[in-house]
Amino acid sequence: MDKLIINGPCKLSGEVKVSSSKNASLPILAATILYPGNIKFKNLPKLSDINFFLQILESLGANTSKDNEFTEIAAGSITETKADYELVRKMRASVLVLGPLLSRFGKAQVSLPGGCAIGTRPVDIHLIGMEELGAKIEIDKGYINATCDELIGASIHLSFPSVGATENIMMAAAFAKGETIIENAACEPEIDDLANFMNACGFEVSGAGTSTIKIQGKKLSEFKSENTINYEVIGDRIEAATYIIAGLMTDSNITVSNFNPQHLKDVLKVLKSMGAKFEIDKRSVEVYPSGKLQGAKVETQPYPGFPTDVQAQLMALMGVSNGYSIISEKIFENRFMHVPELVRMGMDIELDGHYAFIHGVDQISAAPVMCTDLRASAALVLSALVISGETIVNRIYHLDRGYENLELKLKALGANIERVKE
Ligand code: EPZ
């Protein structure tokens, strides 16, 4: 298993361009199942999760090809409606093929995703939504079996604004008869991008980005398979937040570009309240040396609240800031796996249920640490950048799921970082 060796403290400078968003690309790849023609993506992020999803599409019968810049998907040749356990167990987001398969083929068999490091992560809201569209759902031998003669548009109120459930139901409603209204929908920018992609394919989705989304059902016969759709996914706001925090933790002047800073409004508000200095432009944020920041109190919430996917990185920053900070993790029940590792590096953090109490320290020290999940891993790398000496970060396959060329991008900013292949 590869590991990273980081020699700090690092001073960063220059510009880092973030890749396209992982969490927008995955549902959009699922939505290709709906379109009977070719889709050409520019700059899909080079991540293990994306490769997994392409494998799933191929296992369903799609043809895919890619070069360094473009990825082409021919979904017209899809005939298979079973997404098997061996693929789904590797990546929870695979459950997003359920809605589009059911909508296009009237049936889908998808392995029930298990829990993961950050929580049990049930899919009950997804399944209730499918049932409200008229699907018959059975769970058998670890598989979700969804069937329907015809999906009928309905008004669906989500018990929680789940990102995945909103996306799955949007896609299931694509070929449902009549209009579907999703109330209490998730409002994340990734949902907006999925709606933009579906509309680019010829579907009719409105209200994405708000808590009420409407989908006008279409007929497959309305789509011309000879039309190729060209699409480029939005920049990754979570990757951007990670580099912005890297700049602040190392007291550096860097520019983070190729994303929409509006997608990070709440994150930037919190950083500003801690004393961070930065300038926002249309497609970038320039971070200025801001010295030691002040503690803060933060609660993770669905968008536009503070994203849970930036919680670990923010905790690392708070760990070397002045005074006390409190983080309340309200989205996932087990998303503090990074805490024992940050404490091993010398941070002063105590946990109590979904609260973390952080008392900023002047210095942290080098220690071999272990990645446990994607964002926890990012927090360990950020911390290693400010440590005097050599830090070894193990099990970085977690990082490769969501950060394209992290060590190369950090190296280009001046960090002393090496990947050691094992
Ligand atoms: C998406 O996961 C993201 N993943 C996650 O990013 C992100 O943390 C999460 O949204 C919240 O923002 C992708 O987009 C691929 P949810 P998702 O459904 O869709 C509960 C990362 O680091 N829930 O909004 O799975 C669930 O257990 C990843 O890039 C139900 O109870 O998130 C959780 O506690 C990690 N029943 C909460 O809702 C359901 O049917 C939020 O889950 C669905 C969800």
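The values are calculated or read from the model by the stated rules, or taken from the named source; none is laboratory data. Note that the structure is a prediction, hence the values are computed from the model and not measured. Quick reminder, even Gly has a Cβ in these numbers, built from the backbone with ideal geometry, and neighbours come from all protein chains shown. Note: areas computed on protein heavy atoms with side chains; ligands, DNA, RNA excluded. Shrake-Rupley method; radii C 1.70, N 1.55, O 1.52, S 1.80 Å.
Quick check on my link table: of K17/K277; K66/K107; K46/K269, which ones sit more than 26 Å apart, alpha carbon to alpha carbon?
Details: K17/K277 20 Å; K66/K107 29 Å; K46/K269 30 Å.
Beyond 26 Å between Cα atoms: K66/K107; K46/K269.
Could you do me a favour and compute the accessible area per residue for the chain, 1.4 Å probe, result in Å²? Each step should come with its number before you reach the end.
Working: 16540 Å² over 422 residues.
In whole numbers, the chain has 39 Å² accessible per residue.
Taking the Cα centre of the chain as origin and assigning +1 to Lys and Arg Cβ atoms and -1 to Asp and Glu Cβ atoms, the resulting dipole is close to 400 debye. Considering the zone a paramagnetic label at E150 would reach in this model (a point 7 Å from Cα along the Cα-to-Cβ line), which residues of region 17-40 have amide N under 16 Å from it? Counting only backbone N, you get no residues. Rolling a 1.4 Å probe over the protein heavy atoms of region 217-367, with every protein chain left in place, gives an accessible area that is 49 percent carbon and sulfur.
For region 129-202, run through the trypsin sites (Lys or Arg not before Pro) and keep only the ones in DSSP coil with at most 15 other Cβ atoms within 10 Å of their Cβ.
On the way: sites: K136, K141, K177; in loops: K141.
For trypsin sites (Lys or Arg not before Pro) across region 129-202 that sit outside H, G, I, E and B with at most 15 neighbouring Cβ atoms in 10 Å, the list reads K141.
To put it simply, the accessible area of region 9-157 at a 1.4 Å probe is 48 percent carbon and sulfur. From the square roots a ≥ b ≥ c of the eigenvalues of the alpha-carbon gyration tensor of the chain, which class results: rounded (a/c under 1.5), prolate (a/b over b/c), or oblate? Verdict is prolate for the chain.
Based on DSSP, what percent of beta bridges with both residues in the chain are antiparallel, to the nearest 5? Spell out each step's value before the answer.
Values: 56 of 79 bridges.
Of the beta bridges lying entirely in the chain, close to 70 percent run antiparallel.
Normalised by residue count, region 77-236 yields a Cα convex hull volume of 119 Å³ per residue.
A straight Cα-to-Cα reach below 17 Å connects K3 with the aspartates and glutamates E341, D373, E390, D400, E404, E407, E418, E422, residues fewer than 8 places away in its own chain not being considered.
In plain terms, the C-alpha convex hull of region 301-392 casts an average shadow of 5.4 nm² when viewed from every direction. In this rough spin-label picture, where each label sits 7 Å from Cα along the Cβ direction, the T210-K40 distance is 3.5 nm. Against the chain, whose longest principal axis comes from its Cα atoms, helix 189-201 is set at around 30 degrees. Rounded to the nearest 500, the 222 nm mean residue ellipticity of the chain from helices alone is -8500 deg cm²/dmol, with -39,500 (n - 2.57) taken per DSSP H run of at least 4 residues. When the charge dipole of the chain is built from unit charges on Cβ atoms (+1 for Lys and Arg, -1 for Asp and Glu) and taken about the Cα centre, the candidate among N145, A379, A83 whose Cα reaches farthest toward its positive end is A379. The distance between label points at A117 and S365 comes to 2.5 nm (points 7 Å beyond Cα on the Cα→Cβ vector).
Between I5 and L351, what length comes free when the chain is fully extended (0.36 nm per residue of separation minus the Cα-Cα distance, one decimal in nm)? Don't jump to the answer; show the numbers that get you there.
Details: separation 346, 0.36 × 346 = 124.56 nm, distance 2.83 nm.
This chain segment gains 121.7 nm when fully extended.
Close amide H partners of F278, meaning residues 5 or more places away or on another chain with modelled amide H under 5 Å apart, are Y288.
Springs between Cα atoms under 10 Å define the GNM used for the chain, and in it the highest mean-square fluctuation of P302, P45, P122 occurs at P122.
Between Q55 and N334, the modelled labels are 2.3 nm apart [label points 7 Å from Cα along Cα→Cβ].
The angle separating the long axis of helix 237-249 from the principal Cα axis of greatest extent in the chain is about 0 degrees.
Remark: for residue pairs K265/K409; K22/K411; K11/K40; K214/K409, the C-alpha separation exceeds 32 Å in K11/K40; K214/K409.
Taking amide H as placed 1.01 Å from N in the peptide plane, K17 has its amide H under 5 Å from the amide H of S257, each at least 5 places away in sequence or on another chain.
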